[in-house]
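Quick notes on the structure that follows.
The values are calculated or read from the model by the stated rules, or taken from the named source; none is laboratory data. Predicted model, so just to flag it, every value in this text is computed and none were measured. Neighbour counts run over all protein chains shown; Cβ positions are idealised from the backbone, glycine included. Each accessible area value is taken on the protein alone, full model and side chains, heavy atoms only, with ligands, DNA and RNA left out. Shrake-Rupley method; radii C 1.70, N 1.55, O 1.52, S 1.80 Å.
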Amino acid sequence: MNNKSKNILIIILCVLLVCSVGIIGYLIYNKNNTLIEISGKVVGIGNNYAIINNKEENFIITNFEGNYNLGDELKLKFKEKSMNKNSEPKSIVLNRDDEVEIISKAEDLKINEDDRESLESSKEESQTSVNNPSVKPSGDNSSQNKDNKPPSNNGETNNQQESADTVVLKYFNDIDADFKASEVKESVKNGFVTVVDFLFYGGAIKGHTFSELTEKAKLKVLSMALYFDSKIEKYFPGYKESISSTTSKIYTNVKASIVKNYLNLTAKICSENKELCEVAKNDFSSMKKSFGLTWSLIKEIAGDGVSSLKAWYEIYSGKN
């Protein structure tokens, strides 16, 4: 092949390369500028953001102007590049060219009143739901006696010289050490049952109930219980199902119950104690990574109720 032919081939290849780059750039540009339209209800409003629910999923909307209220039905038209599909939940940062249209406005007074009532209900739930589950305890001898009284755990009920926090946290730390031992023994099963009964079925640990703990201690035992639950699944698969089948108590949904109560308790704390709020949020951030707490799971735990989503999202995302 002579030099002239080589030069012609090189020119052709260069032209093809330029055309390929141009086509790819054109496709990317068009993709990023493709218009997307979603409709949904405003279920949460925070500092510089709002949560929109379109019955299929939630979207976090930021950088948009307008006076919107809880319950408003909105239609959003935006370019695809405005959406981050990899975030959880998906986020949309609106630009000037994007459009927000109000389909229908909620009755502001009614919605705000309902939201306040839901928040108060959420606060009360963090205090009461852990000790008053919808499933009533049976006469399971593993955690309660025949008179349906909380177990005393080896009869040690006189701990007047030690606070409930100290006694209970010592018990949890002992179980934690058993789970982290080089050889995990069968005895941790009983400890796990005692912990679940303590958190959700009115059980006692050495004479103390969950309601006696300070909020800081409650956060600690809930996070430790989540660790215990993961280890029970690892070392004794099927154990929770087996004990749930022999009693009216439920041990298979412990993870969801712990997360729900941790979030509700943290929401209450964040409305009262800024310092402890930051601790709770930081700890939850660690729990997310360690136990795979995704936004999809949080939304599933919330179920059809959306009143808690704003507070839960701020905890989940670490927003102030």
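Hey, can you tell me all the residues within the range 54-68 that are open to solvent by less than 30 Å² (accessible area, probe 1.4 Å) and either within 16 Å of TRP312 (Cβ to Cβ) or in contact with a helix residue (DSSP H, G or I) (Cβ under 9 Å, 6 or more places away or on another chain) (or both)?
ASN58, PHE59, ILE60
Take the conditions modelled with pLDDT of 95 or more and in contact with a Lys or Arg (Cβ under 6 Å, 6 or more places away or on another chain) and apply them to VAL221. Does it pass? Show your work before the answer.
Working: modelled with pLDDT of 95 or more: yes; in contact with a Lys or Arg (Cβ under 6 Å, 6 or more places away or on another chain): no.
Considered against the rule, which asks whether it is modelled with pLDDT of 95 or more and in contact with a Lys or Arg (Cβ under 6 Å, 6 or more places away or on another chain), VAL221 comes out as no.
Does any residue of the range 7-22 turn out to be at pLDDT below 75, loosely packed, with under 10 Cβ neighbours inside 10 Å and in a helix (DSSP H, G or I)?
no
Of the residues ASN53, ASN84, ASN48, only one is more than 18 Å from the chain's Cα centre (by Cα) and modelled with pLDDT of 80 or more; which? Talk me through it step by step, then tell me what you get.
Numbers: ASN53 fails: more than 18 Å from the chain's Cα centre (by Cα); ASN48 fails: modelled with pLDDT of 80 or more.
Being more than 18 Å from the chain's Cα centre (by Cα) and modelled with pLDDT of 80 or more holds for just one of ASN53, ASN84, ASN48, which is ASN84.
Just for helices (runs of 4 or more DSSP H) wholly inside the range 182-280: which have at least 1 residues that are open to solvent by less than 20 Å² (accessible area, probe 1.4 Å) and in contact (Cβ under 8 Å) with a residue 60 or more places away in the chain?
Helices (runs of 4 or more DSSP H) meeting the threshold: 188-200, 215-235, 254-270.
Which numbered condition trips up LEU293, out of (1) open to solvent by less than 10 Å² (accessible area, probe 1.4 Å); (2) closer than 20 Å to SER308 by Cβ; (3) free of Cβ contacts under 8 Å to residues at least 60 places away in the same chain; (4) not in a loop (DSSP other than H, G, I, E, B)?
Result: LEU293 passes all but (4).
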